[in-house]
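Take a look at the structure below.
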Amino acid sequence: MIFIVGKVQDKISGKEKLQDKLTLAGLIGVAAVLVYILIKSYPMDYVDGKLLVDPQKMMNDTFKACGAVTGLLIGSYLDRHYFHYEIPQGSANLPILTWVGFAILFAWKEWFAPATIVAAFGGHWGHFISRCIMLLFGTVGWPLVIRKVCGAPVTESK
């Protein structure tokens, strides 16, 4: 998989229109998965009175993954077209900022999102929205904080 991803990355590197088309294809793929998971029938198989596979848990897991992929795709698009984040080389603040960002993401995933977004929107869509926000924060929000704190320059768009 790493070899294939590397080859694809080599082919699309620097080709913004192709990257945008792949981003759109990814978002369409996410929508197709969500439609499928919502209309699919689920077997309710029991062994010794215990449900083998909980369809609600399966759906929640799929909504989480789809939300994360959506956040990653949108964040990647925003960064390519507007923010152009580059890791600030040699910044003494970068390691601590990385750990702080990780702690914020962990706290969001474990405590804040379940208590707010998931509680407000329910299991399926709440998980989708919370994971989308989490990945947007990780790909766009926190890198902008790092840029501000470390004083990293903004690169020009091609």
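What follows is calculated from the coordinates using simple rules that are stated; it is not laboratory data. Just so it is clear, the structure is predicted and the values come from calculations on it, not from any experiment. As a convention, Cβ positions derive from the backbone with ideal geometry for all residues, glycine included, and neighbour counts pool all protein chains shown.
Per-residue counts of other Cβ atoms within 10 Å, averaged by peptide: what ranking do you get for 117-130, 30-43, highest first?
On the way: 117-130: 18.4, 30-43: 12.1.
Order by mean packing, descending: 117-130, 30-43.
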(Q) Students often forget the sequence filter, so: which lysines lie under 19 Å Cα-Cα from K21 once same-chain residues fewer than 8 apart are removed? (A) K7, K11, K158
Q: Report, in degrees rounded to the nearest 10, the 0 to 90 angle that the Cα long axis of helix 16-39 makes with the longest principal axis of the chain.
A: 20 degrees
Q.
Roughly how far apart, in whole Å, are the Cα centres of the stretch 1-48 and the stretch 65-103?
A. 21 Å
Q) Tilt of helix 123-136 relative to the longest C-alpha principal axis of the chain, in degrees (0 to 90, nearest 10)? A) 10 degrees
Q. Over all Cα pairs of the chain, how is the pair count split among 10 Å bins, expressed in % and running from 0 up to the last occupied bin?
A. 10, 28, 32, 21, 7, 2, 0
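So, by mean Cβ neighbours within 10 angstrom, what's the order for 102-115, 132-145 with the highest one leading? Kindly include the intermediate steps, with their values, before the conclusion.
On the way: 102-115: 13.5, 132-145: 19.1.
Packing proxy ranking, top to bottom: 132-145, 102-115.
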